[in-house]
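Student: My questions will all concern the structure given below.
The values are calculated or read from the model by the stated rules, or taken from the named source; none is laboratory data. For clarity, every value in this text was computed on a predicted model and none was experimentally measured. All Cβ positions, even for glycine, are placed from backbone atoms using ideal geometry, and neighbour counts span all protein chains on display.
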Amino acid sequence: MELIKITEENGKQLVSGKELHQFLEVGRDFSTWIKERIKKYDFIENNDFTVLVTTPQNGGVAKDYIVTIEMAKELSMVENNSKGQAARKYFIQCEKNIKEIKQLSPMDQLRLQYSVLEEQDQKINLVDERVFKLENIMTIDYSQQEELRTLATRKVVAILGGKDTPAYKELNKKAFSSMWKDYKRIVDVNSYKNTAVKDLLFARQVIIDWKPNRELELMIKGANIGRRG
């Protein structure tokens, strides 16, 4: 299990000081803590650590201290708490693992790399599978429900000829009931609120394309023609 990310550069194992500080749950801010530790234990820049300065997109300057695994072990040890002990043991085990890998034959190293890649592929496939299942069972949220309801209202009102028409006053309940009944049958849900996220585009189109059945269509025409007569 990776407690703290370790990178390798020019044969050296390196650790982000910020990540170590976060893991150790130090009660002081990172900048104060790392500077005090460097001064107290005589760590040397470009030997035990390097300073990494970046400019985040939100502006300003971010500074990290990239420390060697030897310095990381010492920083962990002097914290004198359970987190420090866990980090130190972790770094020691990582060093041991690297030494064992370097002692392997080139063919064994390739086998090990292949095994690691295969394990990563399995994890990625598992995540993809979970995402796929989630997409298939996740239903639309409140704002999407309101979007469908508003779209349906506009559609039915338009079919009835507007809110001021006799057809709307006489048949709006029947029209809405018919429209949602058709919607639930076509989309295969018991309520439009339970529409799956993956079916949202299809659901919109079902509403846009909806037409009343022949009986309701004649009733709408009859109601509105009667008014004009």
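Condition check ((1) farther than 30 Å from Ile6 by Cβ; (2) surrounded by 13 or more Cβ atoms within 10 Å (Cβ to Cβ); (3) modelled with pLDDT of 80 or more) across all residues:
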residue	(1), (2), (3)
Gln93	no, no, yes
Pro106	no, no, no
Thr139	yes, yes, yes
Thr153	yes, yes, yes
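Student: Starting from residues that are surrounded by 15 or more Cβ atoms within 10 Å (Cβ to Cβ), β-branched (Val, Ile, Thr) and more than 18 Å from Cys94 (Cβ to Cβ), keep the ones in the range 5-39 and report whichever is nearest to the chain's Cα centre (by Cα).
Tutor: Val26
Student: Filter the range 40-77 down to residues that are in a strand (DSSP E or B) and of a type in the set (Ser, Thr, Tyr) and give me whichever is nearest to the chain's Cα centre (by Cα).
Tutor: First pass over the range 40-77, keeping only residues in a strand (DSSP E or B): 45, 49-54, 62-68.
Now restrict to residues that are of a type in the set (Ser, Thr, Tyr): 50, 54, 65, 68.
Numbers: Thr50: 33, Thr54: 25, Tyr65: 29, Thr68: 32 Å.
Out of the qualifying residues, it is Thr54.
Student: Regarding the range 46-64, can at least one residue be identified that is in contact with a Pro (Cβ under 8 Å, 6 or more places away or on another chain), in the same structural domain as Lys99 (by TED's automatic domain parsing) and modelled with pLDDT under 90? Quick ask: steps written out before the conclusion?
Tutor: Step one: filter the range 46-64 for residues in contact with a Pro (Cβ under 8 Å, 6 or more places away or on another chain), giving 62.
This time we only want the ones that are in the same structural domain as Lys99 (by TED's automatic domain parsing), so: 62.
Checking the rest, the ones that are also modelled with pLDDT under 90 come to 62.
Checked the range 46-64: at least one residue is in contact with a Pro (Cβ under 8 Å, 6 or more places away or on another chain), in the same structural domain as Lys99 (by TED's automatic domain parsing) and modelled with pLDDT under 90.
Student: Okay, moving on. List pairs: first in the range 160-176 and of a type in the set (Ser, Thr, Tyr), second assigned to a loop (DSSP other than H, G, I, E, B), Cβ under 7 Å, 6+ apart or cross-chain?
Tutor: From the range 160-176, the pairs are Tyr168/Gly161; Tyr168/Gly162.
Student: Shifting gears a bit: Go through (1) touching a residue at least 12 places away in the same chain (Cβ under 8 Å); (2) surrounded by fewer than 17 Cβ atoms within 10 Å (Cβ to Cβ); (3) under 22 Å from Ile98 (Cβ atoms) one by one and return the number of the condition Glu2 breaks.
Tutor: Of the numbered conditions (1) touching a residue at least 12 places away in the same chain (Cβ under 8 Å); (2) surrounded by fewer than 17 Cβ atoms within 10 Å (Cβ to Cβ); (3) under 22 Å from Ile98 (Cβ atoms), the odd one out for Glu2 is (1).
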